[in-house]
Amino acid sequence: MNDIKRLALVTGASSGIGLELARQLAERGYDLVINAEDGPRLERAAQQIRVAGTVVHTVQADLRNYDQTEALYAAVTATGRPLDVAVLNAGVGQGGAFTDTDLADELEIVDLNVRSTVHLAKRVLRDMAAHDEGRVLVTSSIASTMPGSFQAVYNASKSFLQSFTQALQNELKDTGITLTSLMPGPTETDFFHRADMDDTQVGRQDKDDPAQVARQGLDALFAGKDKLVAGSAKTKAQGLANKVLPDKLKSEVHRKMAEPGSGEED
């Protein structure tokens, strides 16, 4: 029994930061339950992760849906093993002016980024509380520190996650459970393409390495840190600046980065 590896859950694990978090947890000796909506991509990710010799359970589920989120939790409990690490990483964005974007797209952001995170946190934290042990990593964003002109709902969803995580940190401060907020900056994933932001300045700029972001995030998680702005020195400097800049100025800066067409050549 002492040879059984610890178990970790990673949502949004088929690509990008989520895939790197899962891969690096495997390298750190964890067995995994990984989730994504796209089944074929999820299976390809699992094949990559299994190279480390870890056991990987895949659960295809759309976490915007309550029943499918419950099915993911059921798959975790079906392992019969306590969950040592939960990485609540699944998320989606949408660029564009709020008056132009589809309501359905904006509500998908709320359902995935906010509702599913609260849903899974409720389930896994109660289990962890029963054992008085566990670690939770919530993928927030540096976007949580600024009003998101032309990404209004996305940035607001990340601000929710930031406040939510910090509140739970306080509630659970006298327990064996820790929560860490991971706050990446723009990272080299398919996020901006999926968010229809290929023509924006932020969509076209050089971005951070997801492997670096994941490594810094896991280091912070296992060190018991409350939060971390992860990525390059440029991203970390932006995080420091956002602590002191007024919201109106941050809104203007975000506008120049995210306004449709801002990345097009003159």
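The values are calculated or read from the model by the stated rules, or taken from the named source; none is laboratory data. On a predicted model such as this, the values are computed, not experimentally measured, just so you know. Every residue, glycine among them, receives a Cβ derived from its backbone with ideal geometry; neighbour counts consider all protein chains shown. Accessible surface is based on the protein model in full, side chains and every heavy atom, while ligands, DNA and RNA are left aside. Shrake-Rupley method; radii C 1.70, N 1.55, O 1.52, S 1.80 Å.
Yes or no, residue by residue, for (1) under 18 Å from Val114 (Cα atoms); (2) touching a Gly at 6+ places or on another chain (Cβ under 6 Å); (3) modelled with pLDDT under 95:
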position	(1), (2), (3)
Asp3	no, no, yes
Ala8	no, no, no
Leu19	no, no, no
Leu32	no, no, no
Gln47	no, no, no
Gly53	no, no, yes
Asp67	yes, no, no
**Item:** Some residue of segment 227-235 being in a helix (DSSP H, G or I), more than 20 Å from Gln201 (Cα to Cα) and either of a type in the set (Gly, Ala, Ser) or at pLDDT 90 or above (or both)
**Value:** no
**Asked** Is it the case that some residue within segment 189-211 is polar (S, T, N, Q), touching a helix residue (DSSP H, G or I) at 6+ places or on another chain (Cβ under 8 Å), under 19 Å from Val10 (Cα atoms) and in contact (Cβ under 8 Å) with a residue 24 or more places away in the chain?
**Response** yes
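Let's see how each residue does on (1) at pLDDT below 90; (2) farther than 17 Å from Ser15 by Cβ; (3) outside any strand (DSSP E or B):
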| site | (1), (2), (3) |
| --- | --- |
| Asp174 | no, yes, yes |
| Val213 | no, no, yes |
| Val244 | yes, yes, yes |
| Lys248 | no, yes, yes |
**Request:** Please specify each residue of segment 125-145 satisfying the condition of being buried (at least 24 other Cβ atoms within 10 Å of the Cβ) and in a loop (DSSP other than H, G, I, E, B).
**Result:** Ser140, Ser141
**Prompt:** Which of the residues spanning segment 78-100 are without any contact (Cβ under 8 Å) to a residue 12 or more places away in the chain and at negative phi?
**Reply:** Ala78, Thr99, Asp100
**Complete:** Just one listed residue, out of Arg23, Arg81, Arg28, is open to solvent by 30 Å² or more (accessible area, probe 1.4 Å) and under 17 Å from the mean Cα position of the chain (by Cα), and it is Arg23
**Complete:** Only one of Phe192, Phe164 is aromatic (Phe, Trp, Tyr) and open to solvent by 40 Å² or more (accessible area, probe 1.4 Å), namely Phe164
**Prompt:** What tally of residues in segment 146-161 results from selecting those that are in a helix (DSSP H, G or I), surrounded by 18 or more Cβ atoms within 10 Å (Cβ to Cβ) and aromatic (Phe, Trp, Tyr)?
**Reply:** 1
